[in-house]
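Reviewing the structure listed below.
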Amino acid sequence: MSASLDSGRKANHLITEKSPYLLQHAHNPVDWYPWGEEAFEKAASKDTPVFLSIGYSTCHWCHVMERESFEDEALAALLNKDYVCIKVDREERPDIDSIYMSVCQAMTGHGGWPLTIIMTPDKKPFFAATYLPKHSRGGMTGLMDLLPRIRELWESKREVVLASCEKIVTWLQKEAGESGAGKLDEELFQRALEQCRDSFDSDYGGFGRAPKFPSPHKLYFLLRYYFVYGEPSALEMVEKTLESMYRGGIYDHIGFGFARYSTDSRWLVPHFEKMLYDNALLAIAYLEAYQLTRKDIYARLAREIFTYVLRDMTSPEGAFYSAEDADSEGVEGKFYLWTPEQIIEVLGRTEGAFFAEKYDISSRGNFEGENIPNLLKGIPSELDWERLEKSRGQLFAVREKRVHPFKDDKILCSWNGLMIAALAFAARVLDEPGYLQAARRAAAFILSKLRRTDGRLLASYREGEAVYPAYLDDYAYLIWAMIELYEASYDREFLQTALDLNNEMLRYFGDEDKGGLFIYGSDSEQLIARPKESYDGALPSGNSVAALNLLRLARLTGSTELEERAQKQLNCFADSINAMPGAYAFLLCAALYAAGPDQQIVIVGEAEEANSSLMLDSINKSYHPFTVSIFKQEGEADYNLPDFLKEMQRINGKSTAYICSHFTCQEPITSIHELNHCLQNK
């Protein structure tokens, strides 16, 4: 965390906020305000522009900009004189971030954080940039030069500024209002595969050039494409990427967990911050690959991710923290780096040399003279693994004594939803009851602490206070979690909660005229535009996840209404998906689901019956991404059940499987061997 918290300087208006990011800036000499009417009223009364800075607590370049500029007295004086300054945590206010990031991307051709916006007191932007230095250098205009120029423009050419604002707002509102409705092309999936191939790095896996992001939802799509069409290259891209990411330095080989992205094409040098959402989504990718290939390394990687999260990212109450910083002691990556001498000091000369050779730790270094442990030379043999694991444990114990990176202990509903979903999925794939227990505990926290008495979800929690009406992603990801919890436990309360949340989501976020779901609710602060996000960035869009949720809930309940709503959701964005399918990987997973081959597998039996457990285990261990599983307890009251389940009974007193497609069922099965045969033949 920035030293500004302990600087002894007078606090600004951020001092009463809960966000760790805002608190990092609470002792800057810049007179920061949180987003709110007080700041905008002051700007209007002073007739001055608003300087808006958006970032997040574990953002390296946000820290750099703070140290260079926002802790500088001269620059702060300039900002305080000519502007009203507002700080926003993008993780607390994704609605604000989404709108102004769209402006930045449209005006500059790129985006990122810190995001810098200058706008009118009525929130209309006319300047956008990302990181800006204090003084001009390397082709970048510095703030000391830029701010007086913009102030002069505001004073002398106000009509030009306001005309520019109106054009930007008109464009924003037009973009938000366009639905792109249509029908999905039949060749959509093939074209998406080709786009993945075109951007695939055949040497090191992953998609695109450096900086390289994990993009797990692309891996989900490719796995499903392979399942449906049997195309070998789809699976090859997935396996190459999963193995290459693990071998690189983007994976923390000492303490586990993935960093946010790699700055190079080989996955060697990460941007060292770790995000909860990346680790949740990647755990699911490794688990799905394990289901499909049965390669133990994928299961081991998923378990290691959960070891990291449950050890380092879990609150005492069981919910999950947001992120860990890239920096410690003001230096990027310092916590994670090693020299050969440090390794030998801990492990001794023989074991130290062996570990250093396997993990590419040398005197010349691979990052600023020190070393990021990695396995780019190759994955060790099973014979070496036990020896290396013992050494890793010793190094981890020593590393724990170092100054840790700052941890953002904010609890976000959306990202917790992803981790709950991952843990619940892991519980059934790996038959690990502890993961189900952890998922249940986190879900109980979210549903008790981040839900109002009227049922409305809230977005963020810290230090006993939940704030902001939840956004679309919060609902979509938490519904996903509830579905996974149901299929891991067959506790109908989770299914009912998923349905209740789904109804709330459609009520608050749905566009009844054009379809799709808005990013923020009808009961939330109404900003200068109300967009719908459908493309998948670092996270799958709320609209993408909602589409798949609707389909799964339709199959679990037999609801044709939910089925129709899911199809409307896909059709709403059809034109955009058809134009660039590779940008909508998670929506494509939903589209593949809608196109078939879908299955419902209903097991009717006693919970304690051995054959019931064997049948459920067989379903959970195999890769069937378009299958939902339902367990009906023999004698369960009909009023708890969808109509299509009511007539299903055990045959001859045996646990019985009903395999259905589009609500039409085959002959019931009582043999585990017959069930396995059906699963193997899709």
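The values are calculated or read from the model by the stated rules, or taken from the named source; none is laboratory data. The shown structure was predicted, so the numbers you read here are calculated from the model rather than taken from an experiment. A quick note on method: Cβ atoms are made from the backbone with ideal geometry, for glycine too, and the neighbour counts reach across all protein chains shown.
Please determine, by comparing only the residues of region 534-553 that are surrounded by fewer than 23 Cβ atoms within 10 Å (Cβ to Cβ) and touching a residue at least 12 places away in the same chain (Cβ under 8 Å), which one is farthest from the chain's Cα centre (by Cα). Outline the logic, then answer.
Step one: of region 534-553, the residues surrounded by fewer than 23 Cβ atoms within 10 Å (Cβ to Cβ) are 535, 537-538.
Then drop every residue that is not touching a residue at least 12 places away in the same chain (Cβ under 8 Å), which leaves 535, 538.
On the way: Y535: 13, A538: 6 Å.
Per the stated criteria, the residue is Y535.
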**Message:** So, in region 44-69, exactly how many residues are free of Cβ contacts under 8 Å to residues at least 60 places away in the same chain and surrounded by 16 or more Cβ atoms within 10 Å (Cβ to Cβ)?
**Reply:** 1
**Request:** Examine region 433-447 for a residue that is under 21 Å from E17 (Cβ atoms) and of a type in the set (K, R), and state whether such a residue exists.
**Result:** no
**Request:** Examine region 633-650 for a residue that is at pLDDT below 90 and assigned to a strand (DSSP E or B), and state whether such a residue exists.
**Result:** yes
**Item:** Any chance L222 is surrounded by 24 or more Cβ atoms within 10 Å (Cβ to Cβ) and in a helix (DSSP H, G or I)
**Value:** yes
**Message:** Looking at region 552-571 only, could you name the residues that are touching a Leu at 6+ places or on another chain (Cβ under 8 Å) and part of a helix (DSSP H, G or I)?
**Reply:** L553, A554, L556, T557, L562, E563, R565, A566, Q569, L570, N571
**Item:** Leading residue by the ranking (nearest to P405 (Cα to Cα)) among those in region 1-34 that are of a type in the set (G, A, S) and modelled with pLDDT of 95 or more
**Value:** S19
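Consider E231 carefully, then state whether it is at pLDDT 95 or above and under 23 Å from the mean Cα position of the chain (by Cα). Talk me through it step by step, then tell me what you get.
Working: at pLDDT 95 or above: yes; under 23 Å from the mean Cα position of the chain (by Cα): no.
Against the criterion (at pLDDT 95 or above and under 23 Å from the mean Cα position of the chain (by Cα)), E231 does not qualify.
Given the structure, is W113 hydrophobic (A, V, I, L, M, F, W, C), touching a Cys at 6+ places or on another chain (Cβ under 9 Å) and within 28 Å of F335 (Cα to Cα)?
Numbers: hydrophobic (A, V, I, L, M, F, W, C): yes; touching a Cys at 6+ places or on another chain (Cβ under 9 Å): yes; within 28 Å of F335 (Cα to Cα): yes.
In short, yes.
Here's the yes/no breakdown for (1) surrounded by fewer than 22 Cβ atoms within 10 Å (Cβ to Cβ); (2) under 17 Å from R428 (Cβ atoms):
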| site | (1), (2) |
| --- | --- |
| M275 | no, no |
| A285 | no, yes |
| A319 | no, no |
| A326 | no, no |
| E329 | yes, no |
**Residues of region 576-610 that turn out to be polar (S, T, N, Q) and not in a helix (DSSP H, G or I), as a count** = 2
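Residue by residue, here is whether (1) farther than 19 Å from V88 by Cβ; (2) over 24 Å from the mean Cα position of the chain (by Cα) holds:
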| site | (1), (2) |
| --- | --- |
| M107 | no, yes |
| P114 | no, no |
| M119 | no, yes |
| P125 | no, yes |
| L132 | no, yes |
| R137 | yes, yes |
| L143 | no, yes |
**Single match in L383, L337, L347, L395 (criterion: farther than 26 Å from S265 by Cβ and either among the aromatic types (F, W, Y) or under 32 Å from the mean Cα position of the chain (by Cα) (or both))** = L395
**Asked** Out of curiosity, is A106 small (G, A, S), at pLDDT 95 or above and out of contact with any Lys or Arg (no Cβ under 7 Å at 6 or more places or on another chain)?
**Response** no
**Prompt:** From the set of residues in region 391-416 that are free of Cβ contacts under 8 Å to residues at least 12 places away in the same chain and in a helix (DSSP H, G or I), which is nearest to P316 (Cα to Cα)?
**Reply:** A397
**Asked** So which pairs qualify, if the first residue must be in region 452-481 and farther than 18 Å from L548 by Cβ, the second must be assigned to a loop (DSSP other than H, G, I, E, B) and among the small types (G, A, S), the Cβ gap must be under 6 Å, and the two must be at least 6 apart or on different chains?
**Response** L457/A470; L458/A470; A459/A470; P469/G521; P469/S524
**Complete:** All-but-one check, M65 against (1) under 19 Å from the mean Cα position of the chain (by Cα); (2) farther than 23 Å from C165 by Cβ; (3) assigned to a helix (DSSP H, G or I), failing number (1)
**Message:** Looking at region 656-675, I want the residues that are assigned by TED's automatic domain parsing to the domain that holds F631 and have a partner that is in a loop (DSSP other than H, G, I, E, B) and surrounded by fewer than 14 Cβ atoms within 10 Å (Cβ to Cβ) with Cβ atoms under 6 Å, at least 6 apart or on another chain. Which pairs are those?
**Reply:** I659/Q666
**Message:** From the list S233, S265, exactly one residue is within 24 Å of A192 (Cβ to Cβ), not aromatic (F, W, Y) and not in a helix (DSSP H, G or I). Which is it?
**Reply:** S265
**Fill in**
Among residues of region 167-217 being in contact with a Lys or Arg (Cβ under 6 Å, 6 or more places away or on another chain), among the small types (G, A, S) and part of a loop (DSSP other than H, G, I, E, B), the residue farthest from D264 (Cα to Cα) is S179
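Table: residues versus (1) buried (at least 21 other Cβ atoms within 10 Å of the Cβ); (2) closer than 26 Å to T16 by Cβ; (3) among the aliphatic types (A, V, I, L, M); (4) touching a residue at least 40 places away in the same chain (Cβ under 8 Å).
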site	(1), (2), (3), (4)
D72	no, yes, no, yes
D89	yes, yes, no, yes
I96	yes, yes, yes, yes
C104	yes, no, no, no
W113	no, yes, no, yes
**Asked** Residues in region 297-311: is at least one surrounded by 21 or more Cβ atoms within 10 Å (Cβ to Cβ), of a type in the set (S, T, N, Q), within 25 Å of L388 (Cα to Cα) and touching a residue at least 40 places away in the same chain (Cβ under 8 Å)?
**Response** no
**Item:** Every residue from region 331-347 that is touching a helix residue (DSSP H, G or I) at 6+ places or on another chain (Cβ under 8 Å) and not in a helix (DSSP H, G or I)
**Value:** E332, W338
**Prompt:** Residues in region 291-314: is at least one under 16 Å from the mean Cα position of the chain (by Cα), over 23 Å from Y225 (Cα atoms) and part of a strand (DSSP E or B)?
**Reply:** no
**Prompt:** Does region 574-584 include one or more residues that are buried (at least 17 other Cβ atoms within 10 Å of the Cβ), touching a Lys or Arg at 6+ places or on another chain (Cβ under 7 Å) and touching a residue at least 12 places away in the same chain (Cβ under 8 Å)?
**Reply:** yes
